[in-house]
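Taking it in order: structure first as structure tokens, then the write-up.
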Amino acid sequence: MSEAPHLTFDLDTAGVSTGHLIVPKGADCEALSLPVFSCNKGEGQSLLITGGNHGNELEGPIVARRLIEWLPEAQTCGRVIIVPELNPLAVQAWTRNTPVDGKNLNRVFPGRADGSVTERIANAVSRLLLPRVETVFDLHSFSPTWDFPPAVITHPIADADLMAKTLKMAEAFKLPVTLLWEYDDTPGMFDTLAHSQGKVFICAEFGGGTVGAEALAIYEAGVRNALIALGLVGGEAEYPTFQQQKSGQTLETLSSDILRSPARGIFEPRCSMLDEVKQGDLIGVLHSMESLSANSIAICAPATSIVCAVRSGLHVEADEEIVYLARPLNL
Ligand SMILES: [Zn+2]
């Protein structure tokens, strides 16, 4: 029997402390040692911030490190625990899934003590960190092959009270978009586990494309705004400037708002994120690579919508997702 997952330090220590979360070794790899930061300032909200759940989304680990520098001075009460990289193996490989076992960490929660390495990470986090907090911010990015605004995403939650609390928390980030996303692929998500325990779980989706200084500043401001809303730090929240605007909008994407490629070929976007489109507007073109005489296929908006996410110009297979449309959320 291998050792149990454990922390190398006591999370209840007053003030700032750092150490590691030890994920035991298994048949597939050696033990992992995930750096953990804790700032414990007594009574107040308790929050877990995680990055690097997916290894090719590095805005989260970077913003998490900025918070670790800033929080010891700024935090006035409560408890904040930060794990910048939940899946160090995937981060090192810059892959969404863990290279050792091919698993997506965000689909194996609550994990298994005797499972493969990805399941052992989920098990350690579920047992040792999640029970210590009321709220979780999991810092993701949409994907390097998408154009996507800085956003906070939540999926529909059956518990109406938790849904309302989660949306309120999501809007407190004051990011350009708060998105309620109807999403079917939810078993094993960190969100789903936290929701089942009545916790507020926020999934920040820090844009797509490359990691740039301007976007990182927006993300950092968003997390700071949320910390102010939780009462963990002082100060006034502000909308970060994005596309020359200081405002945010709350949108909804249904499963039917996700447009898929009608065939394989090179996708050419003809719209930009946050464009407003009317029914019939051209939003992209698909170019067949089989023949230059083959007609390109126009992809048009099926209804008046806001463009939430656009696939970068690249080769796509038939039925791959290419555009996410959205509409203002009316609850
Ligand atoms: Zn992700």
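The values are calculated or read from the model by the stated rules, or taken from the named source; none is laboratory data. Every value quoted in this text rests on a predicted model; they were computed, and no experiment measured them. Backbone-built Cβ (ideal geometry, glycine too); neighbour counts: all protein chains shown. Side chains included, ligands, DNA and RNA excluded: accessible areas come from the protein's heavy atoms. Shrake-Rupley method; radii C 1.70, N 1.55, O 1.52, S 1.80 Å.
Values as computed for the structure displayed
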| read-out | value |
| --- | --- |
| Length added when fully stretched, THR18-ALA74, from 0.36 nm per residue minus Cα-Cα | 18.5 nm |
| Region 199-331 - Rg over Rh from alpha carbon coordinates, Kirkwood radius | 1.06 |
| Three semi-axes of the equivalent ellipsoid, the chain, Cα gyration tensor, whole Å, largest first | 35, 24, 17 |
| Hz values of 3J(HN,Hα) by residue in region 313-320 - Karplus curve (6.51, -1.76, 1.60), Gly and Pro given as x | x, 6, 6, 10, 8, 4, 6, 7 |
| HIS287 accessible area, 1.4 Å probe, all protein chains in place, Å² to nearest 10 | 60 Å² |
| Bins of 10 Å, starting at 0 and running to the largest distance - Cα pair percent for region 88-235 | 11, 37, 39, 13, 0 |
| Computed E for LYS278/ARG66 - FRET, C-beta separation, R0 30 angstrom, nearest 0.05 | 0.15 |
| Accessible surface, per residue, of region 8-102 when the full set of protein chains is kept, probe 1.4 Å, Å² | 40 Å² |
| Per-residue HN-Hα couplings for region 267-280 [Karplus 6.51, -1.76, 1.60; θ = phi - 60°; Hz; x = Gly/Pro] | 8, 10, x, 10, 9, 10, 4, 6, 5, 9, 10, 9, 3, x |
| Rg over Rh, two decimals, region 22-112 (C-alpha only, Kirkwood Rh) | 1.03 |
| Under Karplus coefficients 6.51, -1.76 and 1.60, residue-wise ³J(HN,Hα) of region 248-254 in Hz, glycine/proline x | x, 9, 9, 10, 10, 10, 8 |
| Cα Rg over Rh - region 1-159, Kirkwood | 0.96 |
| Percentage relative contact order, the chain, counting C-alpha pairs under 8 Å, at least six apart | 15 percent |
| Convex hull volume per residue for region 98-148, taking Cα atoms only, in Å³ | 86 Å³ |
| Solvent-accessible area per residue, Å², over region 200-303 with all protein chains present [probe radius 1.4 Å] | 51 Å² |
| Debye log10 I(q)/I(0) at q = 0.22, 0.27 Å⁻¹ for region 278-331, Cα point scatterers | -0.92, -1.18 |
| Spatially proximal lysines relative to LYS41 (Cα-Cα < 26 Å; intrachain offsets below 8 disregarded) | LYS165, LYS168, LYS174, LYS199 |
| Beta bridges by DSSP in region 169-309, antiparallel share as percent, to the nearest 5 | 70 percent |
| Amide proton proximity set for SER46, modelled H, under 5 Å, gap of 5+ | ARG79, GLU134, THR135 |
| Burial ranking of peptide ranges 38-47, 142-151 (average Cβ count within 10 Å, highest at the top) | 142-151, 38-47 |
| Within the accessible area of region 10-69 (1.4 Å probe), percent carbon and sulfur | 51 percent |
| Relative contact order [Cα under 8 Å, 6+ residues apart], region 133-248, whole percent | 37 percent |
| Projected area, mean over directions - region 11-53, Cα convex hull, nm² | 3.9 nm² |
| Region 104-222 - percent of accessible surface contributed by carbon and sulfur, probe 1.4 Å | 52 percent |
| Extension reserve of the ALA294-ASP184 stretch, reckoned as 0.36 nm per residue once the Cα distance is removed | 36.1 nm |
| Those aspartates and glutamates that a straight Cα-Cα span of less than 20 Å connects to LYS25, excepting residues fewer than 8 apart in one chain | GLU3, GLU85, ASP101, ASP114, GLU119 |
| Among 10-18, 84-92, 297-305, the order from most to least packed when residues are scored by Cβ within 10 Å on average | 84-92, 297-305, 10-18 |
